[in-house]
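Below: one structure in structure tokens.
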Amino acid sequence: MERTGIAAAPGIAIGRAIVKKEENMEIVRRSLEPNQISLEVERFKDCVQQAILELAELKEITEKKVGEEEAKIFEAQQLFLQDPEFVGAIENMIEAEHINAEAATQSVRDQFLAIFESMENEYMRERSADLRDVSQRILRHLLSITQNETAVVDGPQILVVHDLTPSDTAKLDLSITRGFATDIGGRTSHSAIMARTMGIPAVVGLSNVTEEVSDGDLIIVDGSTGNIHIRPEPVVLQEYEDKLRDFQLRQETLAKLIHQSTMTRDGRHVELAANIGNPSDAESAISHGAEAIGLFRTEFLYMGRDDFPSEEEQFASYKSVLETMGNKPVIIRTLDIGGDKELPYLNLPEELNPFLGYRAIRLCLDQTELFKTQLRALLRSSAYGNLRIMYPMIATLDELRKANQVLSEVKQELVDKNISFNHEVQVGIMIEVPAAALVADQLAKHVDFFSIGTNDLIQYTMAADRMNPQVSYLYDPFNPSLLRLIQMVIIAAHREGKWVGMCGEMAGEKLAIPILLGLGLDEFSMGASSILQARHLIKQLDSQKMAKIAEHVLTLSSGQEIKDYIQQEVMR
């Protein structure tokens, strides 16, 4: 039997199923006598405290097994258990309605879930999994339930569950667990993100897969296509065993490229860099063969907390990455808050369309002290490595001039205080607004480099929200209009002797790489796990031939026509 869900983490896994169905907790609403209420509130608080301690332990386990950034999932869950709007609402319901803690927890949880699951933002909808996880943890303590032991099967295992919570993912035994499949979930759920980091193939959103699979069933999980095979026929099993063997051989071949530079067949060098979101990712970038960090997102420093990070905290984070990377370039993007990334402590007014609103460089130029603090930390860190500073969301030459003026003021402050920094640090901008692409010839005179952020550039060019499935057909990196904008940016930069990179997801797209190489892109920055595959491909390409390929691509009329052409002319 074949089922199709959402491809959450790539790779192929074959093993025997361990089925873990959704916990069915019998919760009975009980009325309390007045003299029982305070005791019930205390019982609830004790259970919350036990849950907090468990999450602290899980955080420690995850830091060791996966990484610091993934472990922050459990910090976020702890915040739920310290949030007066959540925990306080449960306590208030116990006191106001004179009911038991289990019933109050269930009721408040369901109210919050309804809010989260109705949100348009996919990332916020997926956070409902965290709320379910912490609520179940409290309820288990309230009901004195110990989690059931899972079945035991010989050999490699595939975990089949209703929803693999972050807690479950952190506790996976990677020596026997080869992959997992779930009834619900999406690509942006914490468990999917952790699975990709841990290298575990996963397919989610399979509806009722826990009802269709029994303990011990042979299962194939194809995390690249989103397909699973339940009790496969011998011919299907043989096919996937061959695919798995080929995949493992390919990984061994790619591993030999880790310490090589990225050269085309005719000797042109391009730089392959990694996008990272926290300092711990730098080690992974190096282990995957990154020649640079093409995008270090600094938002993690500002999110999941009650106040702004200090200059010292930022300095320590930036310095850590620069020291890890040695003399390799590290592009650090200044604060890009707004759109789908909010900071409650900023107290920003609600916007009808935050993606087109008060965000990124617009916010920083308005709140200059916030901007200066970050720039001071960045410049101070430049004494410890090859730092490059990048401004996001630049739309006009005036914005760029103002940002550079603030940077000059900060440099002078450091000079006056005799604080060392690299006076020649490179400064660039992200090209993610069509207006910037159209005046790239003017902007290029005032920067050292451009980095094209295709994730936003596509949605702004096509006026299509990338999270909206009804217009997803328009969100196409191969659309001719986008490719022409990219060509325009590269030509404008090269005329001024400046280099151009790309840090959007398109940079790691197999079919896009030959086109971008042909258009003259100098640097490709992508998720670390894609670097070696990109290097393997580029080594087989002739840059002059790709220039002719790109020239022809720009005459084609649709994204599909372009992909078909590249498939036929380059990938055959």
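The values are calculated or read from the model by the stated rules, or taken from the named source; none is laboratory data. Because the structure is predicted, anything quoted here is derived from the model rather than measured. Backbone-built Cβ (ideal geometry, glycine too); neighbour counts: all protein chains shown.
Only one of Val161, Val235, Val204 is loosely packed, with under 13 Cβ neighbours inside 10 Å, at pLDDT 80 or above and hydrophobic (A, V, I, L, M, F, W, C); which?
Step by step, each of Val161, Val235, Val204 is checked, and only Val235 is loosely packed, with under 13 Cβ neighbours inside 10 Å, at pLDDT 80 or above and hydrophobic (A, V, I, L, M, F, W, C).
Right, here's the next one. So, in segment 546-562, how many residues would count as being in a helix (DSSP H, G or I) and either surrounded by 20 or more Cβ atoms within 10 Å (Cβ to Cβ) or touching a helix residue (DSSP H, G or I) at 6+ places or on another chain (Cβ under 8 Å) (or both)?
10
Here are Arg178, Arg196: which of them is touching a residue at least 12 places away in the same chain (Cβ under 8 Å), assigned to a strand (DSSP E or B) and over 24 Å from Gln136 (Cα atoms)?
Arg178
State the number of residues belonging to segment 273-306 that are free of Cβ contacts under 8 Å to residues at least 60 places away in the same chain, touching a helix residue (DSSP H, G or I) at 6+ places or on another chain (Cβ under 7 Å) and more than 17 Å from Ile258 (Cα to Cα).
3
Related question: Please name all residue pairs, on different chains or six or more residues apart, with Cβ atoms under 8 Å, provided the first residue is in segment 89-101 and is on the phi < 0 side of the Ramachandran plot and the second residue is acidic (Asp, Glu) and assigned to a helix (DSSP H, G or I).
Going by the 8 Å Cβ cut-off, the qualifying pairs are Ile94/Glu40; Asn100/Glu40; Ala101/Glu40.
For residues in segment 307-316 being at pLDDT below 95 and in contact with a helix residue (DSSP H, G or I) (Cβ under 6 Å, 6 or more places away or on another chain), which is surrounded by the fewest Cβ atoms within 10 Å (Cβ to Cβ)?
So, considering only residues that are at pLDDT below 95 and in contact with a helix residue (DSSP H, G or I) (Cβ under 6 Å, 6 or more places away or on another chain), the one surrounded by the fewest Cβ atoms within 10 Å (Cβ to Cβ) is Asp307.
Being in the same structural domain as Ile452 (by TED's automatic domain parsing), touching a strand residue (DSSP E or B) at 6+ places or on another chain (Cβ under 7 Å), at pLDDT 95 or above and crowded, with 21+ Cβ neighbours inside 10 Å is true for just one of Leu379, Leu322. Which residue is that?
Going through Leu379, Leu322 in turn, just one is in the same structural domain as Ile452 (by TED's automatic domain parsing), touching a strand residue (DSSP E or B) at 6+ places or on another chain (Cβ under 7 Å), at pLDDT 95 or above and crowded, with 21+ Cβ neighbours inside 10 Å: Leu322.
When you check Lys510 against the structure, is it assigned to a helix (DSSP H, G or I) and touching a residue at least 24 places away in the same chain (Cβ under 8 Å), yes or no?
No: the conditions fail for Lys510.
If you scan segment 527-552, which residues turn out to be under 18 Å from Leu483 (Cβ atoms) and either of a type in the set (A, V, I, L, M) or modelled with pLDDT under 95 (or both)?
Within segment 527-552, Leu541, Met546, Ala547, Ile549, Ala550 meet the criteria.
Of these, Phe315, Phe308, which one is within 20 Å of Pro392 (Cα to Cα) and outside any loop (DSSP other than H, G, I, E, B)?
One residue alone meets the criteria, Phe315.
Then there is this: Got at least one residue in segment 212-221 being assigned by TED's automatic domain parsing to the domain that holds Arg187, at pLDDT below 95 and in a helix (DSSP H, G or I)?
Within segment 212-221, one or more residues are assigned by TED's automatic domain parsing to the domain that holds Arg187, at pLDDT below 95 and in a helix (DSSP H, G or I).
Scan segment 346-362 and give yes if some residue there is assigned to a strand (DSSP E or B) and modelled with pLDDT of 95 or more, otherwise no.
Scanning segment 346-362 turns up no residue that is assigned to a strand (DSSP E or B) and modelled with pLDDT of 95 or more.
A follow-up question, please. Cβ contacts < 8 Å: first residue on the phi > 0 side of the Ramachandran plot and free of Cβ contacts under 8 Å to residues at least 60 places away in the same chain, restricted to segment 353-371; second residue surrounded by fewer than 15 Cβ atoms within 10 Å (Cβ to Cβ) and small (Gly, Ala, Ser), any location; separation 6+ or different chain. Result?
none
Hey, could you check segment 417-465 for residues that are polar (S, T, N, Q) and touching a helix residue (DSSP H, G or I) at 6+ places or on another chain (Cβ under 9 Å) and say which is surrounded by the fewest Cβ atoms within 10 Å (Cβ to Cβ)?
The residue in question is Ser420.
Working only within segment 435-460, note down all residues that are in a helix (DSSP H, G or I), over 24 Å from the mean Cα position of the chain (by Cα) and not basic (Lys, Arg).
Selection gives Ala435, Ala436, Ala437, Leu438, Ala440, Asp441, Gln442, Leu443, Ala444, His446.
Out of the residues in segment 184-193 that are assigned to a loop (DSSP other than H, G, I, E, B) and buried (at least 24 other Cβ atoms within 10 Å of the Cβ), which is modelled with the lowest pLDDT?
Only one residue fits best here, namely Ser189.
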